[in-house]
Structures are given as structure tokens and as C-alpha cells.
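Novice: Okay, handing you the structure first.
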Amino acid sequence: MNNELDFVKDMFDRIAPKYDFLNRLLSLRQDTVWRTQMVKAATLQNGSRVLDVACGTCDVALEISSQLNEQAHIFGLDFSFGMLKLGKHKLLHKRRKNIALLTADALHLPFQQHLFDAVFIAFGIRNIMNRQRALTAFLTVLKGGGRLAVLELTTPEKGIFRSLYLLYFQKILPIIGSFFSKDLKAYTYLPDSVLNFPSPVDFSKLMQQAGFENVRFKQMTFGIVTLFVGTKP
Ligand SMILES: C[S@@+](CC[C@H](N)C(=O)[O-])C[C@H]1O[C@@H](n2cnc3c(N)ncnc32)[C@H](O)[C@@H]1O
């Protein structure tokens with residue numbers, strides 16, 4: 001693994017115990033609403049085989065399982081053992097047997113081609129520098145007609161809300177995040193990684209270049225989060 005991947009992996013291993021708590025606090029519980037919308041947008045059928053890339057503590061996988069009344073085969077993949085350990089704990093607690101977890105890198109998916117009806121990645125793609133390669137890997141494991149849903153933090157484009165958001169995100173959030181997680185580096189990396197993420201229009205183009213069709217996006221909560229959906233031809 002290269003230094004950049006090691007940095008991200010170690011960071012998530014460190015903050016894992018406080019990850020869910022800080023997500024709910026810093027987003028004022030909006031993160032759960034965003035994931036619900038993401039799963040709905042994929043319009044899954046009962047019996048679907050689904051991959052949740054960068055699954056972290058399994059919130060997306062659990063949401064898929066709930067929306068389909070456990071009638072889905074779900075694989076959660078992440079390279080942070082610390083995050084997966086907490087995810088596993090949640091699966092056991094909620095007695096979800098239809099979700100399998102594996103430790104792997106999103107750029108090297110250990111699956112055959114044309115396997116999944118849908119691939120999800122929530123708040124993970126901005127941590128992956130080679131996004132084109134990741135999108136190509138997702139396309140490869142999807143069946144024809146399968147859907148990719150990407151949820152990512154984005155930056156409001158203009159106006160007073162942008163200024164207020166940047167103030168919160170760059171100044172206040174790192175203080176709250178580092179106070180609870182004791183990890184200032186992680187919570188200064190977070191705004192940096194979001195500010196470096198392409199605009200929704202540019203990321204949609206990247207999805208199209210990777211081979212997805214019918215690519216569309218929906219900005220949520222004043223544009224602080226964007227949901228992208230595309231289909232494999
Ligand atoms: C912000 S968390 C999101 C977790 C979860 N999807 C959610 O909705 O809360 C980002 C996750 O991406 C994982 N991740 C980042 N880069 C990865 C990569 N190249 N391969 C696998 N997992 C990766 C991290 O370990 C972390 O668990």
C-alpha cells in the first residue's frame with residue numbers, strides 16, 4: 001500500500017470508536033436521512049446482490065437490509081479493520097445474517113465481473129485519489145443494467161450559505177471533531193478532502209467517462225451532500 005492509502009486507513013482505524021457518534025452529531029443526524037435517500041434511489045428488488053464499498057461501520061449495508069426486509073445478499077467491503085470491527089458488532093446486535101463483510105481495497109475488488117445488481121459508496125470516494133480507476137472497478141463488477149449510487153459531501157456553490165458552511169466546516173467542525181476523537185489531523189483532513197472533491201457536474205462527467213450512462217445527481221441539504229446515480233449499459 002502507498003503512503004496516502006496508509007494514512008487514510010490508519011486514520012479510520014483510529015477514529016472508528018467515535019465515528020458513528022460524531023457523524024450523527026456533526027451532521028445533526030442528517031447522515032441517516034441521506035443514506036436512506038441513497039438506497040431508495042437504487043430502486044432495488046428483493047433478492048438483489050449488492051456491494052457496499054467503503055462500508056465503514058455498515059450503516060449503508062444495514063439501511064439496504066432494512067429497506068428490503070433482509071431479502072438481499074449484501075457484501076460490505078472496507079480496508080479499515082477498525083471500522084469493520086464496529087460494523088460487525090452492529091450486525092451481530094441487529095442479528096443481520098444477510099450481510100457479509102470483507103477487508104479489501106476498493107481499487108482491487110475481490111469479485112468476478114457482472115456480479116452485482118447495485119454498488120454503493122457513501123462518503124468513501126473522496127478518500128480515493130484514483131477515482132477513475134475506482135469507478136471502472138465498480139463498473140466491472142456490476143451486471144448490465146446495474147446501478148452505482150455514490151453519496152458524497154460537497155461544497156455549496158455560492159451565496160451566504162457557502163460562507164457560513166465554510167466557517168462551520170473549516171473552523172468549528174475540526175474543534176468539535178478533535179475534542180471527541182482526540183484526533184485533530186483527521187478532522188482537518190475531512191474539510192480538506194471535501195474542498196478538493198470535484199463539483200457535482202465534474203464528478204458526473206467522470207462517471208460518464210468511466211462508462212456509466214443515465215448519470216444524474218441530486219444535491220441535498222443546500223448542496224452539502226450530493227447523491228449521484230448511474231447505470232451500467
Ligand atoms: C467516511 S467513511 C464512510 C463509511 C460508511 N460508508 C458510511 O456511510 O458511514 C469512509 C470509509 O472509506 C474507507 N476507505 C477509504 N478508502 C478506501 C479504499 N481505498 N478501500 C477500501 N475502503 C476505503 C475507510 O476505511 C472508511 O471506513
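Novice: Where both residues lie in the chain, what percent of DSSP beta bridges are antiparallel, nearest 5?
Specialist: 40
Novice: How big is the dipole moment of segment 1-128 about its Cα centre under a simple scheme where the beta carbon of each Lys and Arg is +1, that of each Asp and Glu is -1, and everything else is neutral? Debye, nearest 20, please.
Specialist: It works out to roughly 520 debye.
Novice: Shifting gears a bit: Rounded, prolate or oblate: which one fits segment 90-135, using the alpha carbon gyration tensor with axes a ≥ b ≥ c (rounded when a/c is under 1.5, else prolate when a/b beats b/c, else oblate)?
Specialist: The shape class here is prolate.
Novice: Could you tell me what fraction of 2.2 N^0.38 Å the Cα radius of gyration of segment 97-233 comes to, as a two-decimal ratio?
Specialist: After normalising by residue count via 2.2 N^0.38 Å, the value is 1.16.
Novice: Expressed as a rounded percentage, what relative contact order does the chain have, with Cα pairs under 8 Å and six or more residues apart?
Specialist: 19
Novice: Size of the dipole of segment 85-233 about the Cα centre, Lys and Arg at +1 and Asp and Glu at -1 on the beta carbon, nothing else charged, in debye to 20?
Specialist: Here the size comes out at about 580 debye.
Novice: Computing the accessible area with a 1.4 Å probe over protein heavy atoms, can you report the carbon and sulfur percentage for the chain?
Specialist: The nonpolar share, carbon plus sulfur, comes to 56 percent.
Novice: Excluding ligands and nucleic acids, what accessible area in Å² is computed for His93 using a 1.4 Å probe, to the nearest 10?
Specialist: Result for His93: roughly 150 Å² accessible.
Novice: Then there's this: Alpha carbon centre of segment 129-160 versus segment 24-51: separation in Å?
Specialist: Between the Cα centre of segment 129-160 and that of segment 24-51, the gap is 15 Å.
Novice: Let me ask something additional. Okay, helix-only estimate at 222 nm for the chain: each DSSP H run of n ≥ 4 adds -39500 (n - 2.57), divide by all residues, round to 500 deg cm²/dmol; what do you get?
Specialist: So the helix-based figure for the chain works out to -14500 deg cm²/dmol.
Novice: Another question, if that's okay. ³J(HN,Hα) across segment 65-82 via Karplus (A = 6.51, B = -1.76, C = 1.60, θ = phi - 60°), whole Hz, x for Gly/Pro?
Specialist: 4, 5, 5, 9, 6, 6, 8, 8, 9, 10, 10, x, 10, 7, 9, 9, 5, x
Novice: So what's the gap between the Cα centers of segment 4-19 and segment 63-77, to the nearest angstrom?
Specialist: 25
Novice: Not counting ligands, DNA or RNA, and with a 1.4 Å probe, what is Thr103's accessible surface area in Å² rounded to the nearest 10?
Specialist: Thr103 exposes around 90 Å² with every protein chain in place.
Novice: To the nearest 20 debye, what charge dipole does segment 119-205 have about its Cα centre, counting +1 at the Cβ of each Lys and Arg and -1 at the Cβ of each Asp and Glu?
Specialist: 140
Novice: Moving on to the next point. Through the Karplus equation 6.51 cos²θ - 1.76 cosθ + 1.60, θ set to phi - 60°, convert the phi angles of segment 173-183 into ³J(HN,Hα) values in whole Hz; use x for Gly and Pro.
Specialist: Result, ordered by residue: 4, x, 5, 5, x, 6, 4, 7, 8, 6, 9 Hz.
Novice: In Å², what does the accessible area per residue of the chain work out to with a 1.4 Å probe?
Specialist: Accessible surface, normalised per residue, equals 48 Å².
Novice: Past 31 Å, Cα to Cα, is the threshold; run Lys40/Lys97; Lys185/Lys232; Lys40/Lys185 against it and keep the listed order.
Specialist: As for pairs spanning more than 31 Å Cα to Cα, those are Lys185/Lys232; Lys40/Lys185.
Novice: To one decimal place, what orientation-averaged projected area in nm² is obtained for the convex hull of the Cα set of the chain?
Specialist: If I average the Cα hull's projected area over directions, I get 11.5 nm².
Novice: Please say if segment 4-92 is rounded, prolate or oblate, where rounded means a/c under 1.5 for a ≥ b ≥ c the square roots of the C-alpha gyration tensor eigenvalues, and otherwise the choice is prolate for a/b larger than b/c and oblate otherwise?
Specialist: Cα axes put segment 4-92 in the prolate bin.
Novice: Put Ser66, Ser178 in order of accessible area, largest first, 1.4 Å probe: what do you get?
Specialist: Ser66, Ser178
Novice: Set Lys and Arg Cβ to +1 and Asp and Glu Cβ to -1, take the dipole of segment 84-184 about its Cα centre, and tell me which of Leu151, Leu139, Leu102 lies farthest positive.
Specialist: Of Leu151, Leu139, Leu102, it is Leu102.
The values are calculated or read from the model by the stated rules, or taken from the named source; none is laboratory data. Note that the structure is predicted; figures quoted are calculated from it, not measured. Cβ coordinates were reconstructed from backbone atoms using ideal geometry, including for glycine residues, and neighbour counts include every protein chain displayed. Surface accessibility is based on the protein's heavy atoms, side chains included, excluding ligands, DNA and RNA. Shrake-Rupley method; radii C 1.70, N 1.55, O 1.52, S 1.80 Å.
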